[in-house]
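Undergrad: I'd like to ask you about the structure that follows.
The values are calculated or read from the model by the stated rules, or taken from the named source; none is laboratory data. Computed from a predicted structure; not experimentally measured. As a convention, Cβ positions derive from the backbone with ideal geometry for all residues, glycine included, and neighbour counts pool all protein chains shown. Note: areas computed on protein heavy atoms with side chains; ligands, DNA, RNA excluded. Shrake-Rupley method; radii C 1.70, N 1.55, O 1.52, S 1.80 Å.
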Amino acid sequence: MLLAEDDRAIRHALERALRLEGYEVTAVADGVEALAQAHTDPPDVLVLDVMMPGIDGLQVCRVLRAEGDRTPILMLTALVETADRIAGLDAGADDYVVKPFDVEEVFARLRALLRRTSPAPAAAAVPPEGPAREAAQAAGRQLEAAGLRMDLQARRAWRGRRELELTRTEFELLELLVRNAGIVLDHSTIYDRIWGYDFGPGSKNLAVYVGYLRRKLDEPGAPQLIHTVRGVGYVLRED
């Protein structure tokens, strides 16, 4: 694991807690060191502070994603506005924790990210057709609903013929919705299935991810696919 945090006290405390939890940790103090370390010895997961001198966590995330690095990234941020959180997701982060945080929440989010980490084998540039698609569906590798297709083994998704660029968390959320197309999933069920932890009614984490996923799914003139059921949760359907 690579931890980048410029606050010395937070960095040392979190590094110690992570080591006690069983993680092998390399801790650095800024984004320049984080990029150098990530290039020299690629980690299994990154924990990046958003606000660091020089190169901040968002820039580190953008550089790695631009290089094709899909290592899970958990952001640490003192910024609580939804727009700030979306900026992190736009940069390619998979999840975030708002400061001040409970270290158990960090552990829970890291466990969820690492559970979802799996190598992506080579896949066709377009969704399979004909017998190839039928074989993939029979093997349980491909899902289809509401004009969406997902190749679970390759971790790729399409709306029609357009491939969707999704982070790991977005892919897992979309998979859950597609598997349960037409069924309203409540907030606690989604939190439990995606993050392995219910962050409570005050958390906006799910709403942020749903909003970001909608932006990637929606097309001009096409029906919206993810619908909000007020006070309950979300459902995928093509109206």
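Undergrad: Roughly speaking, to the nearest percent, how much of the stretch 1-78's 1.4 Å accessible area is carbon and sulfur? Numbers along the way, then the final one.
TA: Numbers: 1820 of 3670 Å².
The C+S portion of the solvent-accessible surface of the stretch 1-78 is 49 percent.
Undergrad: For a protection proxy built on the mean count of beta-carbon atoms within 10 angstrom, sort 60-68, 149-157 highest first, please.
TA: 149-157, 60-68
Undergrad: Can you tally the net charge around residue 53? Count Lys and Arg as +1, Asp and Glu as -1, for every other residue whose Cβ sits under 10 Å from the Cβ of residue 53.
TA: For residues surrounding residue 53, the net value is -3.
Undergrad: Extending each Cα 7 Å along its Cβ direction at residue 105 and residue 86, get the distance between those two points in nm, one decimal.
TA: 2.1 nm
Undergrad: A further question follows. Carbon and sulfur: what percent of the stretch 150-237's accessible surface (1.4 Å probe)? It would help to have the intermediate numbers written out before the result.
TA: Details: 1870 of 4010 Å².
Result for the stretch 150-237: 47 percent of the exposed heavy-atom area is carbon or sulfur.
Undergrad: All other residues with a Cβ under 14 Å from the Cβ of residue 24 taken together, and with Lys, Arg as +1 and Asp, Glu as -1, what is their net charge?
TA: Counting the neighbours of residue 24, the net charge comes to -2.
Undergrad: Accessible area per residue for the stretch 15-99 in Å², computed with a 1.4 Å probe and the full protein assembly in place, what is it?
TA: 45 Å²
Undergrad: Using the Cα atoms as the points, what is the convex hull volume per residue of the stretch 6-70 in Å³?
TA: In the stretch 6-70, the Cα convex hull volume per residue is 76 Å³.
Undergrad: While we're on this one: Go through 216-225, 165-174 and give me the packing order, highest mean Cβ count within 10 Å leading.
TA: 165-174, 216-225
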